[in-house]
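> Below: one structure in structure tokens.
Nothing in this text is a laboratory measurement; each read-out follows from the coordinates by a stated rule. Keep in mind that this is a model prediction, so the values were computed, not measured. Cβ atoms come from the backbone with ideal geometry, glycine included; neighbour counts cover every protein chain shown.
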Amino acid sequence: MKMENRQSDSSKTEPFASRLREERLRVEPHQGKFCDKIGVSRNRQSFLENGEREMRGDYLSLIAQHGLDVTYILTGRRGGEQLAMRESTLLSQFRSLDDIGQCTVLLTAAQMVSAAGQHFTPRHVIQAMVDDLTMSAQTGAGPAVSDPGAGAAGYLAGLHDQQRAFKGEE
């Protein structure tokens, strides 16, 4: 009785493999980091991206949870709303943060949205933080400072209090 060859015919898997690689590069350019993130060996990922192995349902479900467009990988057509590169990067970085970091991002975004109409660049955001710290140190009236004389430490403590309130812990 002849044993079934578990390797796939690469001519059948090549279109899927190249789209898998394209999607993985969109989400995470470094293959090793991607493998660590999803819990798959680098060899397995390499075999899949080279068309030497067929993708199984459990793998497709796993990569979908990490932002890859499985519909595109399987059909060549983009499925649903596709995240832009910046959105995908932001989501990947957000997911890698701990709970406090995620709350900080959400609070910062909420503050930026509430100031609708203003143009924010990294310089503007940093300047706003410096202004808050300066005002807090001088007047004690900064929005996020729990101890006006504490400078940056007070600012961060106040931010932590806001995070706890945001999470409903207070």
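> Output wanted: per-residue J couplings in Hz (rounded whole) for segment 57-64, from phi through Karplus 6.51 cos²θ - 1.76 cosθ + 1.60, θ = phi - 60°, x for Gly and Pro.
Along segment 57-64, the couplings run x, 5, 5, 4, 5, 4, 6, 5 Hz.
> How much FRET efficiency would the formula 1/(1 + (r/R0)^6) give for Leu62 and Leu107, where r is the Cβ-Cβ distance and R0 is 35 Å, rounded to 0.05?
Result of the calculation: an efficiency of 0.70.
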